[in-house]
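The values are calculated or read from the model by the stated rules, or taken from the named source; none is laboratory data. Since the model is a prediction, treat every value here as computed from it, not as a measurement. Counting neighbours? That spans all protein chains shown, and the Cβs are built from the backbone with ideal geometry, glycine included.
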Amino acid sequence: MKPTLFVLAAGLGSRYGGLKQMDGVGPSGETIMEYSVYDAIQAGFGKVVFVIRHSFDDAFREFADARFSKKIPVGIVYQEITYLPDGYRPHPEREKPWGTNHAVLMAKDAVKEPFCVINADDFYGRTSFEVMSGFLQNVAGKTNQYSMVGFRIQNTLSESGAVARGVSQTDENGYLTNVVERTHVERLDGAIKYRDADGEWHLIEDNTPVSMNIWGFTPDYFQHSETYFKKFLDEHGQELKSEFFIPLVVNSLVQEKISTVKVLDTDAQWFGVTYKEDKPSVIEKINNLVKNNIYPDNLWK
């Protein structure tokens, strides 16, 4: 059974200032997500599903049809603030989406096979998809055996400002023991630090493994997500900016010994367009990969 690639593309790119998921960075105008889809096809994925917002549905469908439809089956699902379990309503003044794991839940009717979750605006590198594809094919038909590609935090920062990272800990066998979403991480005075909810700064070692939201799940993960989402809404559903992150669910499943998460190690250099100022650097890195024959000048020609 070939796994599915599930791409989180519903974010409006507020820090970046536009629909960064559709902004070209490759020599033929390719977006970052196109390199992910290309790598996933090479690694043996059999389908790609995007989660988007209705507000840019037509433009995105035209984009996806022109690039992917002849190469791999494509599905599209939607994430909206009002898509909640029966009996729940958002605060009337809420504008912020519910976060990455809410986006994952939107695929529960579209994905029936092991799947890999990625961000649309992150470049992960082909080896990430190769190790993930191998893991997912081995867990087909099983439950509660998940995975995460772990990047070194020093290889994941933006030069243009703070980033959010899932800071992780593993046991001696490479299984995740804890992951915490740190929403404000940056290098200050030569050291990597995160700022907590009280405004206090804490040091993070350079080689600390972090989640870049490249996760591997089997379909039973949707049921767990529904259960935890209701608990989350009971506690935080009327807050204006609360978010239901993937690490929140994963960490609960690990701590309660319901599921295991294998951390697939990599020393790859992550890069992405978190801010507009990141774009020139990303274009340069993509061009260097093309010059080194890692990618063709035109991915879909």
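Could you tell me whether any residue of the range 174-186 is farther than 21 Å from residue 274 by Cα and out of contact with any strand residue (DSSP E or B) (no Cβ under 9 Å at 6 or more places or on another chain)?
Our first condition is that a residue be farther than 21 Å from residue 274 by Cα; within the range 174-186, this holds for 174-179.
Cutting the leftovers down to out of contact with any strand residue (DSSP E or B) (no Cβ under 9 Å at 6 or more places or on another chain) gives us none.
No - not one qualifying residue is present in the range 174-186.
Pull up the range 129-155, narrow it to residues that are at pLDDT below 95 and among the polar types (S, T, N, Q), then point me to the one that is nearest to residue 23 (Cα to Cα).
Once the filter is applied, the top-ranked residue is 155.
Test each condition in (1) surrounded by fewer than 24 Cβ atoms within 10 Å (Cβ to Cβ); (2) touching a Phe, Trp or Tyr at 6+ places or on another chain (Cβ under 6 Å) for residue 147 and report the one that comes out false.
(1)
Residues checked against (1) under 30 Å from residue 67 (Cα atoms); (2) in contact with a strand residue (DSSP E or B) (Cβ under 6 Å, 6 or more places away or on another chain):
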| site | (1), (2) |
| --- | --- |
| 241 | no, no |
| 254 | no, yes |
| 269 | yes, no |
| 273 | yes, no |
| 282 | yes, yes |
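Of the conditions (1) farther than 30 Å from residue 92 by Cα; (2) out of contact with any Phe, Trp or Tyr (no Cβ under 9 Å at 6 or more places or on another chain); (3) in contact (Cβ under 8 Å) with a residue 12 or more places away in the chain; (4) not basic (Lys, Arg), residue 292 satisfies every one except a single condition; which number is it?
Checking residue 292 against (1) farther than 30 Å from residue 92 by Cα; (2) out of contact with any Phe, Trp or Tyr (no Cβ under 9 Å at 6 or more places or on another chain); (3) in contact (Cβ under 8 Å) with a residue 12 or more places away in the chain; (4) not basic (Lys, Arg), the one that fails is (3).
If you scan the range 91-115, which residues turn out to be under 22 Å from residue 180 (Cβ atoms) and of a type in the set (A, V, I, L, M, F, W, C)?
In the first step, residues of the range 91-115 are kept if they are under 22 Å from residue 180 (Cβ atoms); the result is 96-105.
Matches in the range 91-115: 98, 103, 104, 105.
Take the conditions surrounded by 19 or more Cβ atoms within 10 Å (Cβ to Cβ), part of a helix (DSSP H, G or I), touching a residue at least 60 places away in the same chain (Cβ under 8 Å) and not basic (Lys, Arg) and apply them to residue 176. Does it pass? First the steps, then the outcome.
Numbers: surrounded by 19 or more Cβ atoms within 10 Å (Cβ to Cβ): yes; part of a helix (DSSP H, G or I): no; touching a residue at least 60 places away in the same chain (Cβ under 8 Å): yes; not basic (Lys, Arg): yes.
Answer is no for this residue.
Can you tell me which residue in the range 220-252 is farthest from residue 94 (Cα to Cα), limited to those that are among the β-branched types (Val, Ile, Thr) and under 16 Å from the mean Cα position of the chain (by Cα)?
Quick first cut of the range 220-252, residues among the β-branched types (Val, Ile, Thr) only: 227, 246, 249-250.
Pick out the ones that are also under 16 Å from the mean Cα position of the chain (by Cα) and you get 246, 249-250.
Working: 246: 20, 249: 22, 250: 25 Å.
Checked the range 220-252; the qualifying residue farthest from residue 94 (Cα to Cα) is 250.
Six or more apart or on different chains, Cβ atoms under 7 Å: show the pairs whose first residue is in the range 123-140 and closer than 17 Å to residue 151 by Cα and whose second is assigned to a helix (DSSP H, G or I) and of a type in the set (Asp, Glu).
126/39; 129/39
Got at least one residue in the range 44-65 being crowded, with 21+ Cβ neighbours inside 10 Å, at pLDDT 95 or above and more than 16 Å from the chain's Cα centre (by Cα)?
Yes, the range 44-65 contains a residue that is crowded, with 21+ Cβ neighbours inside 10 Å, at pLDDT 95 or above and more than 16 Å from the chain's Cα centre (by Cα).
Please count how many residues of the range 262-301 are more than 30 Å from residue 217 (Cα to Cα) and among the β-branched types (Val, Ile, Thr).
2
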